[in-house]
Amino acid sequence: MEEDYEERHWDGGDVMDEESEGCDDNLENPELVLAECAEKFSTPDYIMEPGIFSQLKRYFQSGGNPVQVIEQLSHNYTAVAQMANLIAEWLIIGGVKVTDVQAMVENHLKEMILKTFDPKKADTIFTEEGETPAWLTELIEHPTWRSLIYRLAEEYPDCLMLNFTIKLISDAGFQGEITSISTAAQQLEVFSRVLKTSITSFLANPEEWQNTTKECAKMVCHGQHTYVYSQVVINVLAREHKGGSSMKRLSQEITRCAQKNGHDVTPITMALNGAAAYPSACQALTSMLSKNTLNPADITVLFKNYNSQDPPPMDLIRTPQFLELLVDALFKPGIKLNPDHKPKYIHLLAYAASVCEVQAKKGQKRSWNKDELKATIQAVETVHKICNVNKGSSELIGDLNNLYQCLKYPVVSVGVIRWVECTVTEPSYFKLSTEHTPIHLALLDEVATLHPLLHTQVLDLLVRLFESKQDELEILVQLEMRKMVLDRMVNLLCSGCVVPVVKYIKQCWQKGDTDISLIRYFVTEVLEAVAPPYSSEFVNLFMPMVENDEITGTMRGDGENDPVSEFIVYCKGHYTTVI
């Protein structure tokens, strides 16, 4: 540690000496120089400062006394750095790991810098040295000090030195670390790199799209300028044949994030989706999206526009916010629509779900199957009538055939998920339920089987139910209810949603806030449902629970014929990276 310090000390001295060559010391008042130097030499440990050589040169050129300066520097030498090095060496000799000692020193320095940092003094680094200090370039190579810069940059966004250092970090290739740094948003070059890294991460990790989207959206929604710039860039990328649909999805998720934060970004959305060429449709849709509510007058305008000879682009009514409003209006229990306008709501939702646009030589070409559109309208209308009446599970038995027939349409399944969510999250639902598996939740099994793209929505709802308190139910009834929810999760797993389900249950087990009997029940059901071969990711997630004695100890037999032992033996014989 002593050698490292000495190297930095000499480097700093060289820089100051080189810069002092260009100064005309003869123009300075000798008496003032001597007084200034004497004041600096009287500060503790000034001999360790990087600028000591340039100050000594000024002092001697102004007629300073060598004996006096030696006594002054010696008297004020407290050796703080050397004492720190000595204590560190003692700790290492005493058996503490070198990395732990280094972390202790670095963390203490970070705390001290955070407490005493002065942005004005930091900005003088460039005015005094005139160029990027060598130590600053070395500093950003270390993760510890980069993290310190990030924290300081959040606290002092106007500090020029920190802004410049953020750019240095970006230039050095560490832009992936600064996705949440507000300072990056103030520099277009840095922000562009960060945005590129974030988009690349989103495209390269489709299985982690929720996390990567959330991080990207948080960064993009930092300010109006970052939002507009990012959405324009993503909108251009969305026109590409390869990956364009993914970019459109990213844009929609960013828009959703902005809306959740209370920002009305409707004008920007309308400007980017080509709505300006269709003023009446644009005005009607803008009115509803800005207020986040539907109204019959604007719905009528849209209905007429999409039944005209030159209908507006499909992107207008495929705005997620608008589709969610339509789904709520048609499938959320208790919503009453004017009978005269209800067919228009149904038509717009079915039209958006079944009509597609294909790329033609002279632009977009509308393409749809009239029979499919008609069938979608009928399915939406049929299920709307069922959902609009508050029926219990037993009353739905007569409608099951129609429901299952209509669930093959994705838009209907989306509506059913919304209807089931509103129904089963009522506080008294499970208290009044008499079936082991209520029909509402059995419908989710069918949705999971038919539509893989809706797995995330189904799992989110099941997680909410599994974690709901249900205090009105007796303890044993609560356990049975949660086992029933776990059955739905196992069905979801068997439908292809394997990793998210197992990952969630593993988190419940690791947190320790879930009854171990429920974890055991899940493991038992999964072992009965699955068969080799398995993916490595599944094995690495599931194996720790299977091997845990508290979970599966009572499930194992004397030999290796029980499901637990068979699974462990098979995985250890076929997978070398089992964690």
Q. Going by alpha carbons, how many degrees (0 to 90, nearest 10) lie between the helix axis of 80-93 and the longest principal axis of the chain?
A. 60
Q | Filter on Lys196/Lys218; Lys431/Lys506; Lys304/Lys408; Lys120/Lys167 - keep pairs with C-alpha separation over 21 Å | A | Lys431/Lys506; Lys304/Lys408
Q: Compare the Cα positions of Gly274, Trp209, Thr300 along the charge dipole of the range 201-351 (+1 at Cβ of Lys, Arg; -1 at Cβ of Asp, Glu; about the Cα centre) and return the one farthest towards the positive end.
A: Thr300
Q.
Averaging over every viewing direction, what projected area does the convex hull of the Cα atoms of the range 167-303 cover, in nm²?
A. 9.2
(Q) About the Cα centre, and with charges only on the beta carbon of Lys, Arg (+1) and Asp, Glu (-1), how big is the dipole of the chain? Nearest 20 debye, please. (A) 4480
Q: Would you mind working out the magnitude of the charge dipole of the range 145-260 relative to its Cα centre, with +1 at each Lys and Arg C-beta and -1 at each Asp and Glu C-beta, to the nearest 20 Debye?
A: 360
Q: Measure nothing fancy, just the Cα-based angle from helix 516-529's long axis to the longest principal axis of the chain, in degrees from 0 to 90, nearest 10.
A: 60
Q: Would you mind checking the pairs Lys342/Lys370; Lys214/Lys572; Lys344/Lys370; Lys469/Lys503 and listing those with alpha carbons more than 28 angstrom apart?
A: Lys214/Lys572
Q) Based solely on its DSSP helices, what 222 nm [θ] is calculated for the chain when runs of n ≥ 4 H residues each add -39,500 (n - 2.57) and the sum is averaged over all residues, nearest 500 deg cm²/dmol? A) -21000 deg cm²/dmol
Q) For labels at Lys242 and Thr137 in the simple 7 Å Cα→Cβ model, what's the distance in nm? A) 3.7
Q. From the residues Val490, Thr197, His574, which one has its Cα farthest along the dipole of the chain in the positive direction, the dipole being from +1 and -1 charges on Cβ of Lys/Arg and Asp/Glu about the Cα centre?
A. Val490
Q | Added length on full extension, which subtracts the Cα-Cα distance from 0.36 nm per residue, Ala531 to His341 | A | 63.2 nm
Q.
Just want to confirm a number: the relative contact order over the range 435-579, from Cα pairs under 8 angstrom separated by 6+ residues, in percent.
A. 20
(Q) Explain nothing, just the number: relative contact order of the chain, from Cα pairs under 8 Å at least 6 residues apart, as a whole percent. (A) 5
Q) When the chain is fully extended, how far beyond the present Cα-Cα distance does Ile70 get from Thr43, taking 0.36 nm per residue of separation? A) 8.4 nm
Q.
Tell me the relative contact order for the range 381-498 as a rounded percent, counting alpha carbon contacts under 8 Å between residues six or more apart.
A. 27
Q: Go through Tyr345, Thr319, Leu136 and say which Cα lies farthest out towards the positive end of the charge dipole of the chain; charges sit on Cβ, +1 for Lys and Arg, -1 for Asp and Glu.
A: Tyr345
Q: Can you list which of the GluC sites (Glu not before Pro) found in the range 186-273 are DSSP loop residues with at most 12 other C-beta atoms within 10 Å?
A: Glu240
Q.
Once the cut-off is 46 Å, how many percent of the Cα-Cα pairs in the chain end up in the long-distance tail?
A. 40
Q. Between the helical axis of 536-547 and the dominant principal axis of the chain, each derived from Cα atoms, what acute angle in degrees is found, rounded to the nearest 10?
A. 90
Q) By how many nm would the segment from Leu160 to Thr200 grow when fully extended, if each residue of separation counts as 0.36 nm and the alpha-carbon distance is taken off? A) 11.5 nm
Q: Can you list which of the trypsin sites (Lys or Arg not before Pro) found in the range 469-544 are DSSP loop residues with at most 14 other C-beta atoms within 10 Å?
A: Lys469
Q: Report, in whole Å, the centroid distance computed from the Cα atoms of the range 69-145 and the range 524-544.
A: 51
Q) What distance in nm separates the simple spin-label points at Glu106 and Cys356, each placed 7 Å from Cα in the Cβ direction? A) 5.2
Q | Cleavage-rule hits, trypsin sites (Lys or Arg not before Pro), the range 238-286, DSSP coil, Cβ neighbours within 10 Å at most 14 | A | Arg239, Lys242
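Quick note: the coordinates plus some simple rules give every number you see, no bench work behind them. All figures in this text were calculated on a predicted structure; none of them were measured in a lab. Here Cβ is always computed from backbone atoms with ideal geometry, including for glycine, and neighbour counts include all displayed protein chains.
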